[in-house]
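The values are calculated or read from the model by the stated rules, or taken from the named source; none is laboratory data. As the structure is a prediction and not an experimental result, all values here were calculated from the model. Counting neighbours? That spans all protein chains shown, and the Cβs are built from the backbone with ideal geometry, glycine included.
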Amino acid sequence: MKILYTALFLWLALPAPWAFAQTVTGAGSSAAAPIYRSWAKAYSQATGTTVAYEPIGSSAGMKKIQQQAVGFGATDVYPPEKELIEHRLIALPVAITGISPVVNLPKVKSGQLRLTGDVLSRIFMGEVRQWNAPEITALNPDLNLPDLPIRVAVRSDGSGTTYNFADYLSKVSPRWKTTYGAKNTIAWPEGVLPFKGSEGMAKGVQATPGAIGYVDFGYVGEYALTAVQLKNAEGAFVKPSIDAFRAALAHSEWASAGTFHTTLTERPGKAAWPITMGTFVVLPKVAPDTEQTTQALRFIIWAYLNGDTLVQDNNFVRLPDRVQASAFRVITSVRDKSGMPLGMGLISSANGAAK
């Protein structure tokens, strides 16, 4: 697919000084922050353009782009079509990752503790309160679990990571679905430990004996966190990994049809990680600020054509070719205020400047 589009968009990858503004602004998903940091560094080196990205959470990022306060927003949840239409926005997939429950338990190493979705939901609903509770010890007969209170850590901000975590729990626990459902912000039970952002969650679990939280997989390695195994839809216990995210992706409409509107939680496949998720960039479909949208669009297209290695280096999974082809088709729908296709205008400007 990339060969087909490279000729059309190749000029976007070239470091021509006339083509770039000094700063591209973005805000949103903290889970996807490692990708945007890596892309920003490489883009700056290639073009001289700065990318300023704020990892303020998916909900806050959506508010920023709705207000046109940034060039692009970033979210770990595909926005409702009604919301996109109302605010005249488009959403494009960036990469695939996974959410890992993480714990802070003495003498328990990463990947040793086993949990099911049902037990995990009961922990986060405040029903299972001790680490040596029968529900947990039955799943872990070989572990010497401590007689220690469970300290539940949650996101305090509007978070796409929370949404996908809750979406998974809604699929494995009818009681969770009716009590909490899948939302960016959850009305958690009393006694939880709230932390802001993925980094706040990682540091909070790291500093709290007996804690359990949930965080994007990239932060597990960065903060040396203790991940758990989960029982997936096929009944197999699996660890979070790039291969496990790919396995979930392979059993989805993303891979089979090139669509990217559905969540990737609780997918079939013996090796599939049950809390896999996509992350998205959001841009104006009708650009009120043509320059701001142009520069953001240049950055995203450049990243599509040049950023796959950086995606994988940050423990994310690159988009399937079908999905990226679908994303390019969405990009062609972007217009300026007069209704002219913005992409075609950019190409015309590039050709004129090159003469």
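Here GLU291 fulfils each of the conditions (1) at pLDDT 95 or above; (2) assigned to a helix (DSSP H, G or I) apart from (1). Exactly one residue out of PHE328, PHE260, PHE299, PHE280 is closer than 29 Å to GLY218 by Cα, aromatic (Phe, Trp, Tyr) and surrounded by fewer than 22 Cβ atoms within 10 Å (Cβ to Cβ): that is PHE328. Would you be able to say whether some residue in the stretch 92-105 is out of contact with any helix residue (DSSP H, G or I) (no Cβ under 8 Å at 6 or more places or on another chain), buried (at least 20 other Cβ atoms within 10 Å of the Cβ) and in contact (Cβ under 8 Å) with a residue 60 or more places away in the chain? Looking for residues that are out of contact with any helix residue (DSSP H, G or I) (no Cβ under 8 Å at 6 or more places or on another chain), buried (at least 20 other Cβ atoms within 10 Å of the Cβ) and in contact (Cβ under 8 Å) with a residue 60 or more places away in the chain, one finds at least one in the stretch 92-105, hence yes.
Filtering the stretch 220-255 to residues that are aromatic (Phe, Trp, Tyr) and without any contact (Cβ under 8 Å) to a residue 24 or more places away in the chain leaves only TYR223. Checked against (1) touching a Lys or Arg at 6+ places or on another chain (Cβ under 7 Å); (2) outside the structural domain of TYR78 (by TED's automatic domain parsing), ARG267 passes all but condition (1).
Based on this model, can you work out whether SER156 counts as buried (at least 23 other Cβ atoms within 10 Å of the Cβ) and over 30 Å from ALA327 (Cβ atoms)? The answer is no for SER156. Considering the conditions (1) surrounded by fewer than 19 Cβ atoms within 10 Å (Cβ to Cβ); (2) within 16 Å of the chain's Cα centre (by Cα), VAL311 is excluded by exactly one of them, (1).
Quick grid of which residues meet (1) among the small types (Gly, Ala, Ser); (2) in a loop (DSSP other than H, G, I, E, B); (3) modelled with pLDDT under 90:
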| residue | (1), (2), (3) |
| --- | --- |
| SER256 | yes, no, no |
| ALA272 | yes, yes, no |
| MET277 | no, no, no |
| VAL281 | no, no, no |
| GLN295 | no, no, no |
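Listed by position, the helices (runs of 4 or more DSSP H) enclosed by the stretch 307-355 that each have at least 2 residues that are within 13 Å of PHE260 (Cα to Cα) and modelled with pLDDT of 85 or more are 321-331. When the residues of the stretch 220-245 are filtered to those that are crowded, with 23+ Cβ neighbours inside 10 Å and not hydrophobic (A, V, I, L, M, F, W, C), the one that is nearest to ASP313 (Cα to Cα) is PRO240.
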